1. Can you tell me which residues in the range 38-67 are under 18 Å from Arg26 (Cβ atoms), outside any loop (DSSP other than H, G, I, E, B) and of a type in the set (A, V, I, L, M, F, W, C)?
2. Is at least one residue of the range 89-101 surrounded by 11 or more Cβ atoms within 10 Å (Cβ to Cβ), at pLDDT 80 or above and among the small types (Gly, Ala, Ser)?
3. Residues in the range 23-49 that are farther than 16 Å from Leu64 by Cα and of a type in the set (Ser, Thr, Tyr): how many?
Amino acid sequence: MSETTTKKTEGQGLRESVIRQLALLRTLSIDELRAKWNELYGTEAPSYKSQFMMKRLAYRIQELYFGGLPQAAKNVLSEIASGDQVASANVVLATDKPEGDQHLAGTRFVRFWNGIRHEVLVHEHGFEYNKKLFRSLSAIAREITGTRWNGKVFFGIKKSSVTTIEEDANE
């Protein structure tokens with residue numbers, strides 16, 4: 001067999017191996033996915049849902065076989081992200097909840113009130129609404145409605161602890 005034919009055959013075998021591994025991911029239990037994660041990443045698997053883990057593992061399998069992004073592409077992405085507050089925000093996992101009432105900078109809260117869309121952007125030291133900075137979501141809720149509200153309840157972040165008569169009747 002010629003050298004060209006050998007390389008072509010090896011390339012096909014490699015590709016088929018990757019395809020088989022990707023197909024196998026769908027058949028694995030959550031515990032098997034966690035074991036695969038440990039094998040491919042060398043760390044304990046985070047507590048992700050199986051669908052998300054499958055996507056990350058599929059990417060990792062392909063990255064290991066075909067190589068990751070070239071360094072030049074990584075540099076361009078880093079440069080783009082450095083000027084974007086949302087793209088450069090730290091990722092907070094469910095196990096690393098922010099202290100107290102902090103929300104991740106770059107998070108957007110949207111609420112429709114009286115047919116109008118209201119959008120709030122979280123900053124490191126407050127909340128931006130209509131190009132003004134507020135110290136709390138409650139202050140923004142009051143600005144929107146004209147009455148006092150718990151800001152987290154108004155924006156749907158937290159359920160109200162107040163039970164209405166209607167809710168009591170339905171239970």
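The values are calculated or read from the model by the stated rules, or taken from the named source; none is laboratory data. In this text, all values refer to a predicted model and were calculated from it rather than measured experimentally. Glycine also receives a Cβ, built like all others from the backbone with ideal geometry; neighbour counts cover every protein chain displayed.
1. Leu40, Phe52, Met53, Met54, Leu57, Ala58, Ile61
2. Scanning the range 89-101 turns up no residue that is surrounded by 11 or more Cβ atoms within 10 Å (Cβ to Cβ), at pLDDT 80 or above and among the small types (Gly, Ala, Ser).
3. Here the count works out to 4.
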